[in-house]
1. Which of the residues that make up the stretch A:376-393 are surrounded by fewer than 19 Cβ atoms within 10 Å (Cβ to Cβ) and modelled with pLDDT of 95 or more?
2. What residue, of B:249, B:196, B:263, B:159, is modelled with pLDDT under 95 and over 21 Å from residue B:55 (Cα atoms)?
3. Name the single residue that is nearest to the other protein chains (Cβ to nearest Cβ) among those in the stretch B:141-162 being over 18 Å from the mean Cα position of the chain (by Cα) and aliphatic (A, V, I, L, M).
4. Would you kindly identify the helices (runs of 4 or more DSSP H) lying entirely within the stretch B:204-267 that contain at least 2 residues that are under 19 Å from residue B:13 (Cβ atoms)?
5. Go through the stretch A:101-128 and give me each residue that's of a type in the set (A, V, I, L, M, F, W, C), in a helix (DSSP H, G or I) and in contact (Cβ under 8 Å) with a residue 40 or more places away in the chain.
6. Just need a number here: residues in the stretch B:109-126 that are of a type outside the set (Val, Ile, Thr) and crowded, with 22+ Cβ neighbours inside 10 Å.
7. If the Cβ limit is 6 Å and pairs must be 6+ apart or interchain, which residue in the stretch A:373-398 that is within 16 Å of residue A:263 (Cβ to Cβ) pairs with which residue that is of a type in the set (Val, Ile, Thr) and crowded, with 24+ Cβ neighbours inside 10 Å?
8. So if I check each of B:47, B:66, B:96, which one is surrounded by fewer than 19 Cβ atoms within 10 Å (Cβ to Cβ) and either under 19 Å from residue B:180 (Cβ atoms) or hydroxyl-bearing (Ser, Thr, Tyr) (or both)?
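The values are calculated or read from the model by the stated rules, or taken from the named source; none is laboratory data. The structure displayed is predicted, hence computed values, not measured ones. Reconstructed Cβ throughout: ideal geometry from the backbone, glycine too, with neighbour counts over all protein chains shown.
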Amino acid sequence: MTAPNPNSFRNQPDERGHFGAFGGRYVAETLMPLILDLDAEYRKAKADPAFQAEFDDLLEHYVGRPSPLYFAPRLTEELGGAQVWFKRDELNHTGAHKINNCIGQILLAIRMGKTRIIAETGAGQHGVATATVCARFGLPCVIYMGATDVERQQPNVFRMKLLGAEVVPVQAGAKTLKDAMNEALRDWVANVHDTFYIIGTAAGPHPYPELVRDFQSVIGREARAQMLARTGRLPDLLVAAIGGGSNAIGLFHPFLDDTSVRMLGVEAAGYGLDKDHAASLAGGRPGILHGNKTYLLQDEDGQILEGHSISAGLDYPGIGPEHSWLRDVGRVDYTSVTDDEALDGFQLLCRTEGIIPALEPSHAIAAVKKVAPTMPKDSIILANLCGRGDKDIFTVAKHLGVSL
Amino acid sequence: MSARLSAAFAKGHPALVCFVTAGDPTPDATPALLDAIVAGGADVIELGMPFTDPMADGPAIQAANLRALGAGTKTADILRIATDFRARHPQVPLVLMGYANPMTIRGSEWFADAASAAGVDGVICVDIPPEEDPELGPALRAKGIDLIRLATPTTDSARLPTVLDGSSGFLYYVSVAGITGKQAAAISSIKDAMDRLKAATDIPVAVGFGVRTPEQAGPIARVADGVVVGSAIVDLVGQHGADAVEPVRALVASLAAAVHSAREHAA
């Protein structure tokens, strides 16, 4: 066994679930014993080769991993700077990276003897992924979704229902992702004896940020090995979009101790940082919500503000606690792009590479568009293409003034 | 323990603890509602601090939070309501109940200082379990404010000492695994829980969640040191707005009669 590296960026959180000043377990007492059970069970699963083998087998044969690493020649040529590569997680079963985490969590749920699954969803991608694994393992599934999101994401609502899930429209608050998460927590606290809550992003009470990161780190582990095999070197810059931050932490984490690799997380600047947006790091400050301490959009009294992004998947007023820590220690840089810039990025990838991206990674593409031209031609950018855009064509059409 | 809270649980009868959300329906309406709760015979007042994301609350208190925030209720209003209450009612214990973020956003010392200056006796924070005590507990204890923790049906005997360590004032037993204002627990399960809790601590234990009527409150008061009623009062405020003063006084009076006399019936 190698001695732990005290300077590693990969040894968070501590045993209490803290990433520096962030993270933790800020939950009601009713949930606390279950959170402790989950933590203990996760430690055992992590050390159990049979658990890892089943996870790997499902990722390979059910999800379709490893996802390809793709060099984007025409985008690279158009931007005129660094080589642009994509990790193609949009090719996964269900069309996004969300399924990686759902496979891991449902295996944990089964291990713990839980017989009922709940989840929250915003755009519906995590809801679809959760409904998918519930169908695969024959467990009943309830998805909480803000009533506003139910209205604007009808195709995903129908997908979830086809997969056998019950979709509960949440009428509380602003009727979006934050309210769906509140309602899922209310369900969980009332059904804690038989119910497992599959949280969709690398946030929530410990151990969720850690276990979601671990399950999503397959993205970065594969990408690192693929890049070394293809080019014999590591990328110079990683880029990923951030709502809660699960695809970004999944890509970044295996590279955190590679000092030559810079990283850029891209938040949603919505209409602009001086208007409505969902950039918790750029426009928020630390606070406590949904079980963890992290950067939040909030007023001076600690009341939570509504996020806005054209991408329902980034439309959340918080961010995973490990990102808050990585920003404060300076290991990862964070930037933001607006709705309009993301729409440009969306169209750019369609036109140059024949790939229709989701609006979430369109934010990463928009950031790549800005930074690639400033980098030498022999440098390498690796961006995470975390979802495909089928679900977003109605939104994009509307913004482009096209009626379908 | 705060002298006012100790006295409230040493009156020779079980205590009635009543909850109302600060600023519901408006900050100006809250003082008269608090006075009605005192006039009705409540022994302890819980003043709810509204929050945008009340994850442990059912529809009644969620709606109250939205009404209060919609009326522009700020933390400064809540502290002013508490300060004025203390001036009008020097002996009635007042507890602030709410969520971590509004309590800690300016730092726990700031909150403890402000609560202390406002004459607050105790604080209940729903989403700071003992594992995160440093976030709030030390600052409150330094100011002599009781940190009132919650115990639930899922708090087993192995965990109970962790919950009790650093708790004072009273222990709030959440009688059902769930959110506020929903179903009531069976009296037999409450009796079993009381036996377990009282064997582990000397501080008073009050039982809440799902208690709405004198008929429910009386039997609980026979086995507990106190009974907490929240959603039923908040529902009246939702229904009558600023005109809820008399209905609230009448409900509290009927609850107080049942709770205060519970042990007499039991004899």
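1. Of the residues in the stretch A:376-393, the ones surrounded by fewer than 19 Cβ atoms within 10 Å (Cβ to Cβ) are A:376-379, A:390, A:393.
Correct list: A:376, A:377, A:378, A:379.
2. B:263
3. B:158
4. The qualifying helices (runs of 4 or more DSSP H) are B:214-223, B:245-260, B:262-266.
5. Selection gives A:102, A:103, A:106, A:107, A:108, A:109.
6. Step one: list which residues in the stretch B:109-126 are of a type outside the set (Val, Ile, Thr), which gives B:109-119, B:121-122, B:125.
Applying the additional criterion that residues be crowded, with 22+ Cβ neighbours inside 10 Å yields B:111-112, B:115, B:121-122, B:125.
Here the count works out to 6.
7. Short answer, once both residue conditions are applied: A:381/A:84; A:381/A:368; A:383/A:239; A:383/A:368.
8. One residue alone meets the criteria, B:66.
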